[in-house]
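Read through the structure below, which is laid out as C-alpha cells, and then see the notes.
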Amino acid sequence: MAQATTTARRRTRRLNPIDAFLWLIRIVAVVVILVGLTNSLTSGRLSAQQWRDLMVFGVSQGSVYALIALGYTLVYGVLKFINFAHGEVFMSSTMIGFFAADALARSGMWNDQPIVSLFIVLIVCMLTSTLVAITLERVAYRPLRGSPRLVPLITSIGASFFLQYTFAGLFGVGTRSWPQVEILQGSWQFLGFRIVRTQAVVILAALAMMALLYVFVERTRTGRAMRAVAEDQETAALMGIDVNRTIVVVFGVGGAMAGVAGFLWGLAFQTVFFFTGFLPGIKAFTAAVLGGIGNIAGAMVGGISLGIFEQVGPSAVLAGLGVEGFNQLKDVVAFTALVLVLIFRPSGILGERLSEERA
Amino acid sequence: MRTRKRRAGALTAVVLSFMLVAAACGDDAAEPEFGDLGGVVVPPQGAVRIAALQAISGAVANLGADQVRAIQIAIDDFGPIEGHQVFLSIEDDLCLSAGGNTGASRIIADTQIIGVVGTSCSGAGVPASELISQAGRVMISGSNTSPSLTSTGNLEGNPVRADNWSEGYFRTAHNDEYQGDGAGQFLADFLGVASAAFIHDGDPYTEGLVNQARTAFESRGGTTAFFGAVGKDDTDMRPILTEVAAAGPEVLFFPIFQPAGDFIAKQAPEIAGFENIQLMGADGLLSQTFLSLPETEGMYFSGPAGRSSPEYDAMVAKYQELYNEPPVQAFHAHAYDAATLLMTKIAEVAEAQDDGTLHVDLRALRDALYATSGFQGLTGTITCNEFGDCAEPRISVYQNLDPSAGIGGTVGNVVWP
Amino acid sequence: MSLTAAETTELLPAREVQLDRAVRVGLIGGLTAMFIVTSGMLETFDLRMIVDPILSLGYVTLMAAPFAVGYVAGKAPPVLEGYAAPSVGARNVQAGAIAGALTGAIYALYALIIHVLDFSSVFIKLTEQTKKIVTLDMGAGGVLILALVMAVSGAVGGAVHLLERRWKRAVLYSAFWVVMFGLLEVLVSQIAFVRRISAVKELLYGTDAGLTLIGAVIIGGLVFAAYYYLDGRVRAATRRAMALEGQQRRRFILISLGVAIVFLAVLPQILGPFLSEVLDLAGVFLLMALGLNIVVGFAGLLDLGYVAFFAVGAYTTAILTSPVSPKWSPELSFWTAIPFIILAAAAAGVMVGTPVLRLRGDYLAIVTLGFGEIARILFLSDALKPYFGGAQGMLLIPDIDIGPFTIDDSISFFYPIYAFVILFAYLSYALQDSRVGRAWMAMREDESVAEAMGVNIVAAKLWAFVIGAIFAAIGGALFAHKIGSVFPESFAILVSITVLVLIIVGGMGSVPGVTVGALALVALPELLREFAEFKFLFYGTLLIFMMLNRPEGFIPSRRRARELHLDEVEQDAWLAQAAEQDPAPAE
C-alpha cells in the first residue's frame, strides 16, 4: 500500500500538465453542477415533494441495478472477467416469472392468496436464473478457464445473443405484462417521503438480499471458500477447496440475485420482452464499476448512486442549465457522473475488495 | 516439382482469364418486349416472388415481425396470380440505415423479385428506397412515415418532392405531416384544451409527429407546457412524468411505441398530480397488448381513419389463429394493405404467355401503382399521389373505453372527427 | 519423439467409445430437436428448399441434431500417451445409433405430447402448421418415420469415424457444401459466371429456390473430388513456397502480389453488387477493427465505446459535405473534408483519452462504453438538434468523386474502402515496429514496469487513442458517404461490441488475423440472413463454438501466442504432427 502511494506521488510530480488538466475538469464539473443545481432548485419548477419523489425513484431503480450488479461483481471478483450475458440471466427470470404469475392470475390465486403467489413466483424466478447461470458457466466459461480474460468475454457476448434470441424464438417478440398485485397498489407515507408500495417492496427486498449475501460471503464456509478462490485459485485448490464447485456456487448465487431482481422488475415495471435484459445489464455493470468492482457493498452503493444520478440528475442539473429535452440525456448524466467519480477515485467509490492485490 | 508448379500457374491463369471474360461480357438477357425498366419473367409453375424488408431482430423486432405476419396473411388471402403462387422472401432491415442498405442490395440481387413490402423504419427506408427504385423494382412501406421519403409542404397545399424521394417508392402509412396536424387540431379544437405536454422517443417518426402536432396545436392558440423526450429503451418514466405533472398540462401526447409506451401508461397513475391529465397516444400504440392494459382505459389515440371494419376483424382473427397471439404491434393493417396493393397491381399488369410463363413489365407496374385510386384497404381508401403517398390523408381519433375489448373495440370508438 | 518412447513401453488398454456418454449426448440431441420445433425454426425453414423437392432447410436442421450427436457419441476419446489406439468398428456405429435413437425417441414423445396437450399460449410458435410439419402431415406414422430416420442419421454420424481420414473429410465437406450451396443460392447466382451464363444457373438451381437434384450431385461430387485430391497437397505446396530462397523467393512474392492486386481489382466485378455490398460493409468494419486493434491489441487498452469515433467521422463528413446540414454547410467534397475529419477524430481521441489516463483494465472499459453511449445520445438529442439533425439524422450526403469517376454504388465503393484498408494495414505494420509501437507493447505487458523503464505512458496512451480514433473516423466517413445518410441509431453499443468481437475472434494484435476476423464475422451475419429471425441465434452459437475451439483466434499474433499460452500452441503442433505421422488408426 505504502509503495503504491510513493509511485503515485512520483507519477504526480512527473505528469504535471495532465494533473492540471484533470483538476481543470474536476473544477469545471463542480462549477457546472453547482450552477445547474442552484438554478433548478431556486426556479421552483418542482415542489419539495416532487424532489423527494425523484429521490425515491432513484433509490428504487438503483436497487434493481444493485441486485443485478451483484452477479457481475461476484463473477468478476472470482474469475476477473465481465459476464456480459448476466443481463440475459436476469431477463430469463422475469420472462419465466411472467408465465408463472400469469398462470396464477388466471387461476384466481394471484388475488386470493397474494403472499403465497408472490412467494411461488419468486422461487420460480430464482430457480430459472440460477439454472441459466449455472448452465452458462458449464457450457461457455468452464472450458475456457485459464484463457486470456477477453476470450470468455466473447463467449459471454455470444451467450447473450443466444439467450436473447432463444427467448424470442420460444415466446415471441411481443411484450408481455405481469399482472398487478392488488395489495401493492397505492402508496405509503414515510418521513415525508411518498413511496409507491411496489417501490417500497423493491427497496426493502434489495436491502434484505444484500445483507443476506454479505453474511453469506463473510460468515459462511462457502463464502470463505469463495474469497479464497478469488484471491488465488491454485493456492485455494491446494488448501483443499473444490474450485469448480465454488465457482458454480458463485454463478448460482449471482444468478439467484438476478432472479430476485427479475421478480422485483416484474412487480415494479411489469412489462417484459426478450430485449429487457440488455440495458439493465449494462447499467448494472456500470453500477458495479462505480461502486468498486468485486466489492459487494460497492455494488449496492454503486447501484443506488447510479439510480439517483440518472433519475434526479437531468432535472436537477441539466434543467437548471436550460438544456432542451433534458430527460433524454439521463444516460449522459449517468455516464458523465461515472467518469467524474472515477477521475476522483480511480477504483470506484468503495474500492475493490474481494481480491485486494489488484487495486 | 518445377513443372508441376508451372502447370498450376498456367491453370490459375486460364481460370482467371475465364473469370475476367465472363465478368466482362455484358448481360445480354435484356428482354425486348419490356419497357425501360425491364421486366420479370415468372417461369411456368414458378412462383411470383415478392420480398418483405422488415426489422425482425433487435429491440424493435415486434414492429417487423408483426408486418411480416400480416404480409403472409395477405398472400394467403389473395391467392395465386394467374395460377402462380406468390412466394415471400424475408429480409431484415435491422431498423438501421445500414441494414436497409444491405437488405435492399440482397433483394435486388434476386432478379425474380418484383416488389418489396418494407421497410419498417424510415431510417432504413432512405437507402433502401433509392436502391430498389434504381433497380426498377417497387417498394411499398406500411410503416415509414417520414416526410423526407415522399413529399413535404402538404399542409400548405403545395407539396414538393422531398429530399429522399425515389420514383419506385410508395407507402400505405401516413406522411407525418397529416397525422401531426390532425392530432394538434383534435387537442385544440375538439378537446379544447389550453395547454398540452408532448413526449417523443427519439425515433424519427415520433419526433416528427410530435413537432408537427405541437406546431398545429400552438397555431390554434394552445400552449406547450412541456416538451421532452425519453429513450426507446428507457423503463423508468417516473422522473419525466414528475416533470410533466409539475408543468401541469391538461393532456399528455406521447405518440411512441412499445415497450416505452407501456411504462408511461403504467407509471403515470403513480405520480401525484397526474389524476387530471388526459393521456393520448398515436397509431404506434394501437396494439392488442397495449390496449389491454387497464391503465389505458380512457386514453385517446390518433391514427388513420376508417380502421374499423369486418374485414379488419377477420384479419385479426386469422392472425390469432395462425400465430397463437394477437397482433403484437400497430402496423399490421398497413402492411396487409401494402402487400395486397402490390399483388393487385402485379395481377393487373401481368401477362400470361402461351408457354406458361408470366410476364411482368416493371414500368407498367410502377405506372399502375401511381394510378391507384379508390382502392379499399383495411386502413381506409387508398389513392396514390405523384409522390408515392397512398394513405388517405384523413386522421381519426379513437378512444379506448374497454381494455378487455381489445384493438377491435378501440378502433370502433371514433370520437373525432 | 515421445511416440517412440511410448512404443517401447507396454501400452495400457485403449480407451473405448463409451456408451453411457452416447446416452448423455443423445439427451442433449433430444433437447435440441425439441428446441428446433418449439422455437418455430422448423416452420420458418420449412418453405426453404435446400435440394428441391426432397429436402427443406427445416428437415436439414432437424436431422443435423441426431447426426451431430451421433458423430460426437461415435468419436473415440483422444489417444493419450501410453494408451493403445482404440480399434474402430461396430462400437462407433452402435454409440452413434444409440444417441440418434434417443434423440428420435425424445422427439417422438415430444411430438405426441404437443398434439395431446396445448401449450400454444406459452410457446406461441407451436402453431397448427408446426404440428403438421412435425408429423410429416401423416399423424403418428410420420413421427415414427422421422424418429427412425433420426436413429439412422445418428448411426451414420457414428459410422463416419469408420472412414479413413481423407475419405472422412471429403465426405463431410461435400455434404456441408451441398447444404451451403442450397442455402446461399442468391449469393452463388450472383457470382459472375453463374450470373452471366444462365445455363449454369438453371442446371444448378432450376427455376425455384433450392438446388436441383442434379445440381446437388454435381456440387457434392466436385467438392468430394477436390478434398480427396487436394488433401495434403495444399499444405505441401505452401511449405515448398515458404522454403524458397533468394531470387526465387523474391520472384514468388512479386508474382503473388501481382496476382493479389489483379484479384482485388476484378473481385467486385466478379462478385456482383450484393456480395460487393457485403464486402464494403466488411471493409468499413475492417477499418474500425484495424483501429481498435491498435488500441486494444497493441496498447492493451480495453475500449468498449469505440463507436463514438466512428460516429464522429460520420457526422463530421455529413456536416461538411451535405447540402442540407442544419447549421452550416460548406458543401466540401469528401477529399477536402478528410483533414477536418482527422482533426475532429484526433480531438475526440484526446477528449476520451485524457480523463481515462489513470484508469486500468475494466474501469477503462466501462468508462469508454459510457463515452460511446454519450456520443450516440448527444447526436440524437433535441438539445443538439440544431447542429446534428437529432432524430431525423443527416441526409443527402454526396457520393465520392475520384477525378472523372463517381463512386456511387457498391461495386465502385469497394475501391476507395479497400484502398484505405490497405493503407491502414500498412500503417499498422509500420506502427507495430516503431518506437511508439514498442512502447505500447511494453505498456500492455506491465504499465508500472514500462514506466520505470522510461516509457512515456501518457504519450503512448494518447497516441493509441488518437490513431485509433482516426482509423475509425475515416471508416465512419466512408460509411456515411456510402449509405448517403447518417442516423444516430447506427452508432449503438452493439457496433463497439461487434468490432471487439472481430479482433478477438480474428486474433488480437495480428493484422492478418483482424482482417480475416472482420471479413468472416461481418460477412457471416449477412450470409446468415437466410436464417431470418434466427440469424443472431446462430451467430451467438457460432461465437461460443469458435472461442471454445480456437481461443487464440483465427490467426494469432506470433508474439502474443507466445506470451499467452506457449505450451498449448506447442502441444497443438505436436498433436497435429502426431496425427500426420500416425494417420487413421483403421489400418
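Would you confirm whether or not the range C:352-360 contains a residue that is out of contact with any Phe, Trp or Tyr (no Cβ under 8 Å at 6 or more places or on another chain), open to solvent by 30 Å² or more (accessible area, probe 1.4 Å) and facing another protein chain (nearest Cβ under 8 Å)? Yes, the range C:352-360 has at least one match. A single member of C:LYS125, C:LYS132 is of a type in the set (D, E, K, R), in contact (Cβ under 8 Å) with a residue 24 or more places away in the chain and in the same structural domain as C:LEU62 (by TED's automatic domain parsing), and it is C:LYS125.
Check C:LEU31, C:LEU62, C:LEU19, C:LEU42 and return the single one that is modelled with pLDDT under 80 and among the aliphatic types (A, V, I, L, M).
On the way: C:LEU31 fails: modelled with pLDDT under 80; C:LEU62 fails: modelled with pLDDT under 80; C:LEU42 fails: modelled with pLDDT under 80.
Exactly one residue qualifies, and that residue is C:LEU19.
Residues in the range B:96-117 that are within 7 Å of another protein chain (Cβ to nearest Cβ) and within 17 Å of the chain's Cα centre (by Cα): B:LEU96, B:SER97, B:ASN101. Of all residues assigned to the range B:153-166, none qualifies as being crowded, with 24+ Cβ neighbours inside 10 Å and in contact (Cβ under 8 Å) with a residue 24 or more places away in the chain. When A:PHE273, A:PHE285 are screened for being open to solvent by 10 Å² or more (accessible area, probe 1.4 Å) and at the interface with another protein chain (Cβ under 7 Å from one of its Cβ atoms), only A:PHE273 passes.
Against the condition within 14 Å of another protein chain (Cβ to nearest Cβ), open to solvent by 60 Å² or more (accessible area, probe 1.4 Å) and among the β-branched types (Val, Ile, Thr), how does C:ILE124 come out, does it pass? If you could, list the steps in order and put the result at the bottom.
Working: within 14 Å of another protein chain (Cβ to nearest Cβ): yes; open to solvent by 60 Å² or more (accessible area, probe 1.4 Å): no; among the β-branched types (Val, Ile, Thr): yes.
So C:ILE124 fails the test.
When the range B:317-332 is filtered for residues that are closer than 14 Å to B:VAL68 by Cβ and buried (at least 24 other Cβ atoms within 10 Å of the Cβ), the ones remaining, listed by number, are B:PRO327, B:VAL328, B:GLN329, B:PHE331, B:HIS332.
Out of A:VAL173, A:VAL151, one residue alone is within 14 Å of chain C (Cβ to nearest Cβ), buried (at least 19 other Cβ atoms within 10 Å of the Cβ), at pLDDT below 90 and closer than 26 Å to C:GLY361 by Cβ. It is A:VAL151. Output yes when any residue across the range C:502-523 is of a type in the set (S, T, N, Q) and assigned to a helix (DSSP H, G or I), and no when none is. The answer is yes; a qualifying residue exists. Within the range C:303-324, the set of residues being open to solvent by 10 Å² or more (accessible area, probe 1.4 Å) and within 14 Å of chain B (Cβ to nearest Cβ) comprises C:PRO323, C:VAL324.
Within the range C:35-83, the set of residues being farther than 26 Å from B:PHE87 by Cα and open to solvent by less than 30 Å² (accessible area, probe 1.4 Å) comprises C:ALA65, C:PRO66, C:VAL69, C:GLY70, C:ALA73, C:GLY74, C:GLY82.
Restricting the search to the range B:349-377, which residues are of a type in the set (Ser, Thr, Tyr) and assigned to a loop (DSSP other than H, G, I, E, B)?
The answer is B:THR357, B:THR372, B:SER373.
Taken together, the residues in the range C:127-157 that are out of contact with any helix residue (DSSP H, G or I) (no Cβ under 6 Å at 6 or more places or on another chain) and either more than 14 Å from chain B (Cβ to nearest Cβ) or open to solvent by less than 20 Å² (accessible area, probe 1.4 Å) (or both) amount to 14.
Determine which member of the set B:SER129, B:SER133, B:SER120 is more than 10 Å from every other protein chain (Cβ to nearest Cβ), open to solvent by 10 Å² or more (accessible area, probe 1.4 Å), polar (S, T, N, Q) and outside any strand (DSSP E or B). Working first, answer last.
Numbers: B:SER129 fails: open to solvent by 10 Å² or more (accessible area, probe 1.4 Å); B:SER120 fails: open to solvent by 10 Å² or more (accessible area, probe 1.4 Å).
Selected residue: B:SER133, the only one of B:SER129, B:SER133, B:SER120 that is more than 10 Å from every other protein chain (Cβ to nearest Cβ), open to solvent by 10 Å² or more (accessible area, probe 1.4 Å), polar (S, T, N, Q) and outside any strand (DSSP E or B).
Every condition in (1) within 11 Å of another protein chain (Cβ to nearest Cβ); (2) buried (at least 22 other Cβ atoms within 10 Å of the Cβ); (3) out of contact with any Pro (no Cβ under 6 Å at 6 or more places or on another chain); (4) closer than 30 Å to A:ILE183 by Cβ holds for A:GLY266 except the one numbered (1).
Has the range C:507-514 got any residue that is of a type in the set (A, V, I, L, M), more than 8 Å from every other protein chain (Cβ to nearest Cβ), touching a Gly at 6+ places or on another chain (Cβ under 6 Å) and crowded, with 24+ Cβ neighbours inside 10 Å? Yes.
Take the residues in the range A:129-140 that are open to solvent by 10 Å² or more (accessible area, probe 1.4 Å) and under 23 Å from C:PHE534 (Cα atoms), then tell me which one is farthest from the other protein chains (Cβ to nearest Cβ).
Looking at the filtered set, the residue picked out is A:VAL132.
Might you let me know whether the range B:208-224 holds any residue that is surrounded by fewer than 19 Cβ atoms within 10 Å (Cβ to Cβ) and touching a residue at least 40 places away in the same chain (Cβ under 8 Å)? So far as the range B:208-224 goes, no, none of its residues is surrounded by fewer than 19 Cβ atoms within 10 Å (Cβ to Cβ) and touching a residue at least 40 places away in the same chain (Cβ under 8 Å). Listed conditions (1) free of Cβ contacts under 8 Å to residues at least 60 places away in the same chain; (2) more than 27 Å from B:TYR300 (Cα to Cα); (3) open to solvent by 10 Å² or more (accessible area, probe 1.4 Å) are all met by B:ALA194, apart from (2).
Of all residue pairs spaced 6 or more apart or on separate chains, those with beta-carbon atoms under 9 Å, a first member in the range C:465-493 that is within 20 Å of C:GLY300 (Cα to Cα) and in the same structural domain as C:LEU380 (by TED's automatic domain parsing) and a second member that is among the hydroxyl-bearing types (Ser, Thr, Tyr) and assigned to a helix (DSSP H, G or I) are C:PHE471/C:SER428.
For the residues A:GLY351, A:GLY302, A:GLY298, the requirement of being touching a helix residue (DSSP H, G or I) at 6+ places or on another chain (Cβ under 8 Å), within 13 Å of chain C (Cβ to nearest Cβ), farther than 23 Å from B:GLY202 by Cα and assigned to a loop (DSSP other than H, G, I, E, B) singles out A:GLY351. Scanning the range B:228-246 for residues that are facing chain A (nearest Cβ under 7 Å) and not charged (D, E, K, R) yields B:GLY228, B:ALA229, B:VAL230, B:GLY231, B:THR235, B:PRO239, B:ILE240, B:THR242, B:ALA246.
Being touching a residue at least 24 places away in the same chain (Cβ under 8 Å), more than 11 Å from chain B (Cβ to nearest Cβ) and open to solvent by less than 50 Å² (accessible area, probe 1.4 Å) is a property that C:GLY215 has. Could you check how many residues of the range C:428-458 are assigned to a helix (DSSP H, G or I), without any contact (Cβ under 8 Å) to a residue 12 or more places away in the chain and of a type in the set (A, V, I, L, M)? Summing the residues that are assigned to a helix (DSSP H, G or I), without any contact (Cβ under 8 Å) to a residue 12 or more places away in the chain and of a type in the set (A, V, I, L, M) in the range C:428-458 gives 4. Every listed requirement among (1) among the β-branched types (Val, Ile, Thr); (2) within 14 Å of another protein chain (Cβ to nearest Cβ); (3) open to solvent by 20 Å² or more (accessible area, probe 1.4 Å) is met by C:VAL116 save one, (2). On the stretch given as the range C:393-429, residues that are surrounded by fewer than 19 Cβ atoms within 10 Å (Cβ to Cβ), of a type in the set (A, V, I, L, M, F, W, C) and within 14 Å of chain B (Cβ to nearest Cβ) total 1.
The values are calculated or read from the model by the stated rules, or taken from the named source; none is laboratory data. Everything numeric in this text was worked out from a predicted model, so none of it was measured. Neighbour counts run over all protein chains shown; Cβ positions are idealised from the backbone, glycine included. Accessible surface is based on the protein model in full, side chains and every heavy atom, while ligands, DNA and RNA are left aside. Shrake-Rupley method; radii C 1.70, N 1.55, O 1.52, S 1.80 Å.
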